[in-house]
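**Q** Encoded as structure tokens, here's the structure I'll be asking about.
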Amino acid sequence: MANPTLQRQFGKYPDVSASADITLQTPPPPSPVTGDGEAMTIGGTAAKTGLLLLLVLGAGAWGWTLVSPETGDTAMPAWLFILMIGVLVIAIVTAFKPQIAIVTGPLYALSMGAMVGAISHIYDYEYDGIVVQAILATACVFLVMLILFVTRTIRVTNRMRGIVIGATAGIALFYAVSIVLSLFGTTVPLVWDSGFFGIAFSVVVIGIAAFNLMLDFDMIERGVQARAPKNLEWYGAFGLMVTIVWMYIEMLRLLGKARD
């Protein structure tokens, strides 16, 4: 998902989508690599993204076994929720300390993978084949957004960054409030239903997640142009993984609502 800290750090470098008379008012980026030091590359970031997604899949396969919806057992272990809270806190810290992504990235992938695997098993039992559909839909959106970014069909501007980051923060706040309300036995009406409003909400969220991919691509590209340190490849990969996993979960929700 969007990474505002690194976006700000790389903000000094030219934005190909901004008009020529706009100067970005941002702090200076990390010191570029000089001499024989290794710099951030697109290939290195792609490789690390693939590794993190493999960890998600591996942990997901194990998480699948944590629940048995066939026998009515859909309760996930309490320790998994506790672990996820800790990992989400670490992920927030990572936004401000990108250098630790080499540790938090795999940790997040394994923990979230286990959670997603359990959730996927429940959805797949309720809606046969929905997991494969969600994976294919997520992959298609990723590919389309990548093509749109590479061809500059959609250009990442400062205004777009602000809107997407703001919308993402709003959704995160909404989910946090929903979780708190659920602890008191209250749910937000319409949003989680399979009616028109519920489906429309999921479509909007998926759209915002898709534009977060654009911001992730832009962040990685600017990091490469800035010759950022190679360890920031992990941060770029971390951002992509978080967005992809988020989009997959939203795809499950949307397809589930549509089937209902």
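**Q** Calculate, in nm to one decimal, what residue 225 and residue 136 gain on full extension: separation in residues at 0.36 nm each, minus their alpha carbon distance.
**A** 28.9 nm
**Q** Cα gyration tensor of the chain, axes a ≥ b ≥ c as square roots of the eigenvalues: rounded (a/c below 1.5), prolate (a/b > b/c) or oblate?
**A** Note, shape of the chain comes out prolate.
**Q** 222 nm [θ] for the chain, helices only, -39500 (n - 2.57) per DSSP H run of 4+, per residue, to 500?
**A** Taken over the chain, the calculation gives -24000 deg cm²/dmol.
**Q** Is any helix in the chain, taking whole DSSP H runs, at least 18 angstrom long along its axis by alpha carbon and on average at least 1.6 on the Kyte-Doolittle scale, and which ones?
**A** Qualifying helices: 78-96, 130-150.
**Q** Turning to a different aspect of this structure: Please report the relative contact order for the stretch 194-260, taking Cα pairs under 8 Å with a sequence separation of at least 6, and give it as a percent rounded to a whole number.
**A** Worked out over the stretch 194-260, it gives 63 percent.
**Q** Same structure, new question: Which of rounded, prolate or oblate describes the stretch 45-144 when judged by the alpha-carbon gyration tensor and an a/c cut-off of 1.5? Each step should come with its number before you reach the end.
**A** On the way: a/c = 2.56, a/b = 1.33, b/c = 1.92.
Oblate is the answer for the stretch 45-144, as a/c is 1.5 or above yet b/c matches or exceeds a/b.
**Q** Across the chain, how many lysine pairs, 8 or more apart or on two chains, come within less than 24 Å at their alpha-carbon atoms?
**A** Numbers: 12/97; 12/230; 48/97; 48/230; 97/230.
The number of close lysine pairs in the chain is 5.
**Q** Could you grab the relative contact order for the chain? Cα pairs under 8 Å, six or more apart, rounded to a whole percent.
**A** 37
**Q** Classify the stretch 114-210: rounded, prolate or oblate, from the alpha-carbon gyration tensor (a ≥ b ≥ c, eigenvalue square roots; a/c under 1.5 rounded; otherwise prolate if a/b is larger than b/c)? Please list the in-between numbers first.
**A** Numbers: a/c = 2.26, a/b = 1.28, b/c = 1.76.
Taking the square roots of the gyration eigenvalues as a ≥ b ≥ c, the stretch 114-210 is oblate.
**Q** Considering the chain as a Gaussian network with a 10 Å cut-off on Cα pairs, which listed residue, 178, 120, 202, attains the greatest mean-square fluctuation?
**A** Among 178, 120, 202, the largest mean-square fluctuation in the Gaussian network model of the chain belongs to 178.
**Q** Say a paramagnetic label sat at a point 7 Å from the Cα of residue 190, along Cα to Cβ; which residues of the stretch 137-181 have their backbone N under 11 Å from it?
**A** What the label zone holds, given the 11 Å backbone N cut-off, is no residue at all.
Bear in mind that the values in this text are calculations on the coordinates, not laboratory data. As the structure is a computational prediction, the values presented were derived from the model and not from experiment. Cβ atoms come from the backbone with ideal geometry, glycine included; neighbour counts cover every protein chain shown.
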